[in-house]
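Contents: one structure, followed by commentary.
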Amino acid sequence: MEIENTVVCGEKIKKAYKGFLLDVESLRLPKGFATALIGENGAGKTTLLNLMAGLRLDYKGSFTYFDEKLGIDDKGVKEKIGYTGPAHFFMPHWSVRQVAEANELLFEGFDKKKFYEIADALCIPVGNVKNVKSLSEGNKTKLMLATVLARETKLLILDEPVSTLDPLMRDRFCELMRRYISDGDGEKSVFFSTHDIADMEGITDYAIIMEKGKILERGFVEDLKEKYILVKGEESDYSALSKWLIGGSCTKYGFSGLLLSEDLERLSGHNAVAETPSLHQICISVMKQNSPLKMI
Amino acid sequence: MGKSYKIFAFPEYRLLFLIAYPLCAIAGCAIVQMDLFSVLHRTFHFMVASGIMASMIVIIEIIGDHFLFGGVYARFGNKMEFLKLSEKGKSLYKSAMIMDQIRRTVFVISVNLANAAIGIIGKGDLAGWLEISVLITYILITLVLCNVGIVICRFSQNPVVNIAVGYLANFMLMLFMYVFSGPEVSLVVVNVVLAAGFVVSSIGSVWFSMKKMEESYHDE
């Protein structure tokens, strides 16, 4: 499946910082879908999101938004983008009311009434806490989500939105994102980074896997599931298949790893079974193949 | 402009800095100028009150700024990230900085005028002694040291460092007051220099804030 319309398009993005190099030749985020950005710690996910949200400007290349027409500083672009970042995002001494007031001043599309409704629905203790600093990490994340969901946006850029949330809230978050996209009639999109691939698989339409500042793999989840197969077999067959396996691992109980679907015929004559991999398994295998992490 | 300032000034800050602190400063001046030390001349009381008030203002303003914009220039403070997401973020930040500068200037002038008024109304003999240039010196030196100290303290998120900056500015204030009280010093010249310093530090602190905000878009 090809990307028909893009919500963000990046070309020749390069940013060097303290020995790290983010190097993305081309990036296209499909409009009207949820895109997951997956990678190890230090892969460059936050850096990429920060560049895209306009928080950092010291990079080479360019981003265009909403059908490749506008730059981040063009009128109305920031108004249409909702970003949530690390938990210490708001001034720590702000009360929830001040957070609402600040958003009202900063964003024309902010609906204060809707914000309080969302805050209430997400059980953010608006009246019971003195300030943002007193909120738990999970509630800080929920507060950030409430502020962006109370605005008229067309793109949400969310940096690890669920890492601090409990399982129930993660499920609720997925529902909120599904509703956000479906309410947009193909105009609203979500781009989020995550380490919780299994929890987020249900809402992920398109996935981008990063490693060491580069994009290793990308595509619609359904396409990726057709591109790869998950292979499991006996330990004795591992050595014969290992050079075709992506992120393969073997124990005395057997082996598993990804195989390109086009290499399926290589399983003939071996005692191995092929399954459709989950997004989690695809991501882990691709990352494992390229990661500098070693087994000890 | 008031709205943007309100965003940064949390309710407790507003209560303390916009109401309690000015009232305490004026009340403190009145208490010092009362005839507690009747053996001393009244002008001495006025000078003591002005000196204590100026030194307290310098420390309180610098430490108070820690709670308002504290650490806003610190490289990894992340205090401006939220503002940078909005097209109005820069103007809101600038408005809040200007508003704080105006508040400080109005407050320092008002409290010094109130202090002088207390001295004049209290006994009357101060009116003959008090020259406007002395009052202007007190006002300007307080404002200049506040501005400089605040710019320095915004680099640090550590309240201990900012308290130390406050005390250092206080020491500088005492030193300057001692030097300027010498008979050979022309207060007119001093005031011209201080006025220039005030204008430069006031405009400079806002300009510097905006420059730091621009720089925060760059990691290196």
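The values are calculated or read from the model by the stated rules, or taken from the named source; none is laboratory data. A quick note: this is a predicted structure, and the numbers were derived from the prediction, not measured. Don't worry about glycine lacking a Cβ; one is built from the backbone with ideal geometry, like all the others, and counts go over all protein chains shown. The area values use the complete protein model at the heavy-atom level, side chains included, leaving out ligands, DNA and RNA. Shrake-Rupley method; radii C 1.70, N 1.55, O 1.52, S 1.80 Å.
General observations
- All of A:G269, A:G186 fail the test of being in a loop (DSSP other than H, G, I, E, B), more than 27 Å from A:V24 (Cα to Cα) and either touching a residue at least 40 places away in the same chain (Cβ under 8 Å) or over 24 Å from the mean Cα position of the chain (by Cα) (or both), apart from A:G269.
- Looking across the range A:177-220 at every residue that is among the aromatic types (F, W, Y) and in contact with a helix residue (DSSP H, G or I) (Cβ under 8 Å, 6 or more places away or on another chain), the one that is surrounded by the fewest Cβ atoms within 10 Å (Cβ to Cβ) is identified as A:Y180.
- Complete set of residues in the range A:48-65 that are open to solvent by 30 Å² or more (accessible area, probe 1.4 Å) and free of Cβ contacts under 8 Å to residues at least 40 places away in the same chain: A:L57
- Condition met for A:L149 (among the hydrophobic types (A, V, I, L, M, F, W, C), more than 14 Å from every other protein chain (Cβ to nearest Cβ), in contact (Cβ under 8 Å) with a residue 12 or more places away in the chain and closer than 30 Å to A:E201 by Cβ): yes
- Qualifying residues in the range A:145-176 (those that are open to solvent by less than 50 Å² (accessible area, probe 1.4 Å) and over 16 Å from the mean Cα position of the chain (by Cα)) - the one farthest from A:L49 (Cα to Cα): A:M169
- Any hit, the range A:89-97, residues being open to solvent by 30 Å² or more (accessible area, probe 1.4 Å), closer than 19 Å to B:M213 by Cα, within 12 Å of chain B (Cβ to nearest Cβ) and not in a helix (DSSP H, G or I): yes
- Whichever residue in the range B:179-220 is within 14 Å of chain A (Cβ to nearest Cβ) and open to solvent by less than 40 Å² (accessible area, probe 1.4 Å) and, among such residues, is nearest to B:L83 (Cα to Cα): B:M213
- Test: residue in the range A:214-237 that is modelled with pLDDT under 90 and closer than 30 Å to A:L158 by Cβ: no
- Any hit, the range B:92-104, residues being modelled with pLDDT under 85 and either out of contact with any helix residue (DSSP H, G or I) (no Cβ under 9 Å at 6 or more places or on another chain) or of a type in the set (V, I, T) (or both): no
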